[in-house]
Amino acid sequence: MSTPTTKLQRFTTIEIVLMAILAMANAVLTVFLSSVNQFLTTLGGPIATSTIVGIYMIYGVLAMYIIRKPGTAFITFMLGATVQTLLGNSYGMAASVVAALCYALAVELICMLFRYRRWNVGVMMTIGFCAVPLWFIFAANMFGYLKWGLPQLTIALIVRCISGIILCGWLSKMIGDAMARTGLLRTFNIGRDAK
Amino acid sequence: MLVGIDIYPGFLHTDTQKMNDGVVLMHPLAKLIAVLCTTILVLTYSTAMIQGVIFLVVVAIGLSLGKHVRRVFGKMARYLLVFAIPFFFIQWIWLPGSTPWFTWGPLQVTYEALNYAAAITFRLMTLFLTSAMFMAMTEPRDVVLMLTQQLRVPYRFAYAVSLALRFLPILSEEAETIRTTHQIRGMKPPRGVREHVQAWKRFSIALFTNSVRRMQMTASAMDTKGFGAYPDRTYWRENPVSIFSCVAMGVYLAATAFCLYRF
């Protein structure tokens, strides 16, 4: 029987380094996105800001797509939340951590459902879609969306789900495949599966 | 692009000389508990009055914590204003209510919306400020030590936080090198959307390739030094929770429980 330590040993050092780099890239991206978010908020309120939600989740899904091991999304999202907290974001520590937990839970569940073996566009889009609703419920409480009214909430959720499907699920697949084609990811499961 | 990034300047601590103010000496775990207690309080209440009071208390505490935190507060003010003011007005306009304040064409602005918009804006600003105070008063390496020594996070993953923070200037430098190289090779500044997309693609591929090489070098170096070879490790510096920090944590928790019970 495997102990928690041996389970964690499943990750090689290079996989941990990759997760760290993606977490760092996300923290930088979040800083840039906060100004885009402000612009979208001014332009079209909460629905316009929902259009870019998928980009916030891409790093964890991309890590999962490349590493393809249980726990990857959880570790990457938690790393991302910690780095974001240390570098600063517009939403505070609580929002970063809760969002990371919600995304990680959804991504891990869907990948577990497919036994960490199927990585086609449909599965990736399903991951992107499923990562959205749980955090939306928490965000609705945290940022006061609950008072918007049902039509606005429904539209925002639909827009977020579409954003999750395209900007998270589909884009992760595209970026991951493009990275794999360079041959630099041979040491990861994505490289081995491509052979 | 990574070039010229300025991530909330002054937040990230690297200079211990600056960190001798106020409660900076408190253990990161105590500060984390303080942030969590404040988060619980701001997420519990939804009236502008209570949120405003919590916000003012946080600002007052922040201003009393010494020069460094005050400087960070000053730098943050513009971020807060740019973010909070549009957020407040959008919420005010979007939120429904029953007592109209004024009507402008199809737009009706109500007192209920004003109250709730103010409450949510104060909530966001408080969440932001408390996190910023945590960052301003805590060294990242202390956070990593807290993760491993107090929160029992496996060190292989806790150290990934340090690694991520260390990669930031390295990749920033790498991005600058790529940009300079492209200029030296005579690449003209892009014009139009298509050229911009191509330039961005060229830049990101180069950055990605260099990042992967750096990643492989770093991982090899870490493996060579035995990183992750054993389930546990020793520490050059221990960071135990002091009695002062324990008392502070007790006070935070008791005060939060009192507020939740009383209000």
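The values are calculated or read from the model by the stated rules, or taken from the named source; none is laboratory data. Nothing here was measured: the structure is a model prediction, and the numbers come from that model. Quick reminder, even Gly has a Cβ in these numbers, built from the backbone with ideal geometry, and neighbours come from all protein chains shown. Surface areas here come from the heavy atoms of the whole protein model, side chains and all, with no ligands, DNA or RNA. Shrake-Rupley method; radii C 1.70, N 1.55, O 1.52, S 1.80 Å.
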Qualifying positions in the stretch B:208-237 - more than 10 Å from chain A (Cβ to nearest Cβ) and within 27 Å of A:Ala178 (Cα to Cα) = B:Asn210
Which of the residues that make up the stretch A:61-83 are open to solvent by less than 20 Å² (accessible area, probe 1.4 Å), without any contact (Cβ under 8 Å) to a residue 60 or more places away in the chain and not hydroxyl-bearing (Ser, Thr, Tyr)?
-> A:Ala63, A:Ala73, A:Phe77, A:Gly80, A:Ala81
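Can you confirm whether B:Trp200 is within 17 Å of A:Ala25 (Cβ to Cβ) and surrounded by fewer than 15 Cβ atoms within 10 Å (Cβ to Cβ)?
Details: within 17 Å of A:Ala25 (Cβ to Cβ): yes; surrounded by fewer than 15 Cβ atoms within 10 Å (Cβ to Cβ): yes.
Yes: the conditions hold for B:Trp200.
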Please verify whether the stretch B:59-72 includes one or more residues that are at pLDDT below 85 and under 27 Å from A:Phe39 (Cβ atoms).
-> yes
Quick one: is A:Phe39 outside any loop (DSSP other than H, G, I, E, B), over 23 Å from A:Leu113 (Cβ atoms) and among the aromatic types (Phe, Trp, Tyr)?
-> yes
Name the helices (runs of 4 or more DSSP H) wholly within the stretch A:87-195 that hold at least 1 residues that are within 25 Å of B:Trp92 (Cα to Cα) and open to solvent by 40 Å² or more (accessible area, probe 1.4 Å)?
-> A:121-142, A:150-163
Please verify whether the stretch A:9-24 includes one or more residues that are open to solvent by 20 Å² or more (accessible area, probe 1.4 Å), within 8 Å of another protein chain (Cβ to nearest Cβ), touching a residue at least 24 places away in the same chain (Cβ under 8 Å) and under 21 Å from A:Cys111 (Cβ atoms).
-> yes
For the stretch B:213-229, name all the residues that are over 21 Å from B:Met146 (Cβ atoms) and not charged (D, E, K, R).
-> B:Met215, B:Gln216, B:Met217, B:Thr218, B:Ala219, B:Ser220, B:Ala221, B:Met222, B:Thr224, B:Gly226, B:Ala229
From the set of residues in the stretch B:128-152 that are more than 18 Å from A:Gln84 (Cα to Cα) and assigned to a loop (DSSP other than H, G, I, E, B), which is farthest from the chain's Cα centre (by Cα)?
-> B:Arg152
Here are B:Arg237, B:Arg262: which of them is open to solvent by 70 Å² or more (accessible area, probe 1.4 Å), farther than 30 Å from B:Ile40 by Cα and not acidic (Asp, Glu)?
-> B:Arg237
Among the residues of the stretch A:78-105, which ones are within 17 Å of B:Leu165 (Cα to Cα), more than 9 Å from chain B (Cβ to nearest Cβ) and modelled with pLDDT of 90 or more?
-> A:Ala81
